[in-house]
Amino acid sequence: MPTPLSPEALRRAPKVVLHDHLDGGLRPQTVIELAESSGHQGLPTTDPVELGNWFRDNANSGSLVRYLEGFAHTCGVMQDEAALVRVASEAAQDLAADGVVYAEIRYAPELFTEKGLSLEQAVEAVQEGFRQGEAASGNRIKVGTLLCAMRQNDGWQRIADLVVKYRDQGVVGFDIAGPELGFPADRELPAFEYLREQNAHFTIHAGEADGPESIWRAVQHCGAERLGHGVRIAEDIKDDQVGHLAAYVRDRRIALEMCPTSNIQTGAVASLAEHPIKRLADLGFRVTVNTDNRLMSDCSMSGEFGVVVDQFGFGWDDLHRFTVDAADALFLPLDERKALIENVINPGYADLKA
Ligand SMILES: O=c1[nH]cnc2c1ncn2[C@H]1C[C@H](O)[C@@H](CO)O1
Ligand SMILES: [Zn+2]
């Protein structure tokens, strides 16, 4: 008899998250304590439950630009090394407690330099925090880092340089985040050309607040190996007629880092029922389930699994497939991906299905 898909079993299932923002996953209590110690002004409340609700309600705007406003408070308290170590360590521990066995966590170092930290100091502090968090959770989780440039700011090359500089110290790739509409991915094309010349990896947020053309720029101009969200690729599919761009994304196995709760909050999809994850999975796309921002979306990996299970009737076979596909899309060497799948993921799901 397979184990019922209870919240507890979903927590126990080994999970891989490709898309989780460090500055979108703080514990409310940590935001409050860091605001107090750093003198960050303007938190709407100092009650942790109310603060968690405030972040979620603020993010429920139907607009990516409004959604992003809440990050002023999280980034506001992440301006010194001790705060970055703490937040990174807690992120690793919280994901491990939820059954995540491998996480790629992303953030934009340029957002942590308001009080004088250098980009390098910010990156090194976060790496130290991830190592501490892995150790504190008994090494049940491994964390790889993605560094984001912010699309609305210039200077993506500086961040690409950091990705290459720290590639042997746990930084596994690059991304661009922030407002998609009006800031196309090929705005600073040389940064991506440089990363490709360096054989470095990158994903790109695309197909969230803008349509297929934005995805096309990310894939065909920049060379994105994965897509952050990518939900609006569904607009290139009419009555199961798969358009040329959608067919390319599917046939190249470009992973779609989908984030169901966040996708509704930002208006990328109108409702959960209209989320294309099942339609795309049925058509053979490499879909994955992710958190995006655990604080703003008040969510977890096991919770997001629960959301799509309840909505679409997915079973263990589907969750196993999503997890293997996510593991295979990690910016990790082939032997490590293979070991993760064979030694951790497959036995975990075999137990749950037995
Ligand atoms: O879903 C998102 N789309 C675009 N940008 C996002 C999303 N979630 C978070 N961000 C931004 C806000 C953060 O400050 C930044 C780096 O983590 O990335
Ligand atoms: Zn994101």
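For segment 298-354, a residue qualifies if it is of a type in the set (D, E) and at positive phi, and exactly one does: D298. Checking the stated criteria, A281 turns out not to satisfy the condition of being modelled with pLDDT of 95 or more, part of a loop (DSSP other than H, G, I, E, B) and more than 16 Å from ligand 1 (Cβ to nearest atom). Being of a type outside the set (D, E), more than 28 Å from G24 (Cβ to Cβ), surrounded by 15 or more Cβ atoms within 10 Å (Cβ to Cβ) and within 23 Å of the chain's Cα centre (by Cα) is the requirement here; does R232 meet it? In short, no. Of everything in segment 178-190, what is within 11 Å of ligand 1 (Cβ to nearest atom) and under 14 Å from A160 (Cβ atoms)? Give them in sequence order. Listed by number, the list is empty, since nothing qualifies.
Counting only residues that are under 17 Å from L34 (Cβ atoms), within 16 Å of ligand 2 (Cβ to nearest atom) and not aromatic (F, W, Y), segment 88-140 holds 2 of them. Would you point out the residue of segment 284-328, among those that are in contact with a Leu (Cβ under 8 Å, 6 or more places away or on another chain) and in a loop (DSSP other than H, G, I, E, B), that is farthest from P48 (Cα to Cα)? Applying the filter and picking the extreme gives F285. Pairing residues of segment 152-169 that are within 28 Å of G182 (Cβ to Cβ) with residues that are aromatic (F, W, Y) and assigned to a helix (DSSP H, G or I), at Cβ distances under 6 Å and at least 6 apart in sequence or on separate chains, gives A160/Y194. Limited to segment 188-205, what total is found for residues that are without any contact (Cβ under 8 Å) to a residue 60 or more places away in the chain, within 16 Å of ligand 2 (Cβ to nearest atom) and within 23 Å of E120 (Cβ to Cβ)? Looking only at that region, the number is 1.
Filtered by the rule that a residue be surrounded by fewer than 21 Cβ atoms within 10 Å (Cβ to Cβ) and within 16 Å of ligand 1 (Cβ to nearest atom), segment 43-62 gives R56, N58, N60, S61, G62. For segment 266-278, the set of residues classified as assigned to a loop (DSSP other than H, G, I, E, B) and out of contact with any Asp or Glu (no Cβ under 8 Å at 6 or more places or on another chain) consists of G267, V269, A270, S271, H275, P276, listed by residue number.
Only one entry of L227, L162 meets the criterion of being more than 29 Å from P260 (Cβ to Cβ), touching a Leu at 6+ places or on another chain (Cβ under 7 Å) and within 16 Å of ligand 1 (Cβ to nearest atom), and that entry is L162. Filtering A185, A125, A177 for residues that are over 15 Å from A88 (Cα atoms) and free of Cβ contacts under 8 Å to residues at least 60 places away in the same chain leaves a single hit, A185. Here segment 63-85 is the region considered, the condition is being away from ligand 1 (no atom under 12 Å from the Cβ) and of a type outside the set (D, E, K, R), and the residue that is surrounded by the fewest Cβ atoms within 10 Å (Cβ to Cβ) is A82.
Scanning segment 7-47 for residues that are over 24 Å from the mean Cα position of the chain (by Cα) and either among the polar types (S, T, N, Q) or on the phi < 0 side of the Ramachandran plot (or both) turns up E33, A35, E36, S37, S38, H40, Q41, L43, P44, T45, T46, D47. Counting only helices (runs of 4 or more DSSP H) that sit completely within segment 1-70, those holding 2 or more residues that are charged (D, E, K, R) correspond to 7-12, 28-38, 48-59.
A search for C-beta distances below 6 Å between a residue of segment 276-290 that is closer than 16 Å to E104 by Cβ and any residue that is outside any helix (DSSP H, G or I) and of a type in the set (A, V, I, L, M), counting only pairs 6+ apart in sequence or on different chains, returns R286/A255; T288/L18; T288/A255; N290/V17; N290/L18. Residues in segment 230-241 that are more than 13 Å from ligand 1 (Cβ to nearest atom) and touching a helix residue (DSSP H, G or I) at 6+ places or on another chain (Cβ under 7 Å): I233, A234, E235, D236, I237. (1) over 18 Å from D186 (Cβ atoms); (2) of a type in the set (S, T, Y); (3) surrounded by fewer than 24 Cβ atoms within 10 Å (Cβ to Cβ): which one isn't true of T291, the others all being true? Answer for T291: the failing condition is (3).
The values are calculated or read from the model by the stated rules, or taken from the named source; none is laboratory data. Every value quoted in this text rests on a predicted model; they were computed, and no experiment measured them. For neighbour counting, all protein chains shown are included, and Cβ atoms are generated from backbone atoms with ideal geometry for every residue, glycine included.
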